[in-house]
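Below: the structure, in structure tokens.
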Amino acid sequence: MTAFTNHFLFEFKTGLRNPSAMMMFYLLPLGFYAVMGFVMVAINPGFRELLLPAMIVFSVMSGTILGMPNGLVEFREAGIYRSFKINGIPAVSILSIPALSTVIHALIVSLIIALTATPLFDAPVPENWLALLLITFLAAFAFGTLGMLIGVVSSSSRAVVLWSQLIYLPSILLGGMMIPVALLPETVQKVSGLLPSTYAMQAYFAFAYNQETVIDPWLSVAVLLVSGILALSLSIYLFNWDSNNQTRRGSPLLALLVLLPYIAAVLIGFIQ
């Protein structure tokens, strides 16, 4: 436990000292939050309804999907994980520590957004703060394990960028963060059902704001939870200690299994 704590504290402090990490963990989400609050709300006052939950999801995505995976790839390419293996450090610790550190950074930014969105931009106050907190933890778990899986299966930093953007950009545009899912065309709604942000936003509206949603809120919770557990399991199974190791336990294509909860939700007709 002492070794785990020391490793975690080192990872957390490194994130505060690394300019690239600070950009992804704090400057990008808070800067985007300020722009959306001052500009988007002025253009479209209705965006106030989305501002607080959307910017929390954005901050979590920025840290976990954009910030974390590249570090996992760089450590593997540098051969650092080989020394960890020699010293008997399990793969679970290697993966969970950067994920936990990243999630804590994201939660700090989320707290700042939650406390300032109403006084600064007149965003609606959540009716259930406990639900807001729990859903934020759940979203951080789903996105954190997904970012972990991207780092595990990506062969290089270029691959990280490709896979990260494949999730990040559609989530912003189609995942209910800019436009409510209910206003999207039916076909696009089906596509949005493949994105974690869609279920996070729907869960926020249902449980934190007591609003009607187009997706069953408990289905949203189940999809985020199951996808997070599946991504964590796949990350541990597919973890490779060394980039030069040509033999691995499973094909990186197995990572696509993480899509199963989202595909199932779409196929059973999650749109009411």
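Only residues that are of a type outside the set (A, V, I, L, M) and within 14 Å of the chain's Cα centre (by Cα) were counted across the stretch 222-243, and they come to 2. Screening Leu174 against (1) more than 19 Å from Met68 (Cα to Cα); (2) at pLDDT below 90 leaves a single unmet condition, (2).
Residues that are buried (at least 20 other Cβ atoms within 10 Å of the Cβ), in contact with a Leu (Cβ under 8 Å, 6 or more places away or on another chain) and assigned to a helix (DSSP H, G or I) occur in the stretch 96-106; there is at least one.
For residues that are more than 14 Å from Val266 (Cα to Cα) and among the aromatic types (Phe, Trp, Tyr), scanning just the stretch 198-221, find the one that is nearest to the chain's Cα centre (by Cα). Only one residue tops the list, namely Tyr204.
Give just the number: which of (1) without any contact (Cβ under 8 Å) to a residue 60 or more places away in the chain; (2) within 19 Å of the chain's Cα centre (by Cα) does Pro185 not satisfy? For Pro185, the exception is condition (2). For the stretch 120-131, a tally of residues being part of a helix (DSSP H, G or I) and either surrounded by 21 or more Cβ atoms within 10 Å (Cβ to Cβ) or of a type outside the set (A, V, I, L, M) (or both) returns 2. Candidates Gly15, Gly31, Gly71, Gly67: the one that is at pLDDT 90 or above, among the small types (Gly, Ala, Ser) and in a helix (DSSP H, G or I) is Gly31. Is it true that Val226 is modelled with pLDDT of 90 or more and crowded, with 19+ Cβ neighbours inside 10 Å? No.
The values are calculated or read from the model by the stated rules, or taken from the named source; none is laboratory data. No experiment lies behind these values; they were computed from the predicted model shown. Cβ coordinates were reconstructed from backbone atoms using ideal geometry, including for glycine residues, and neighbour counts include every protein chain displayed.
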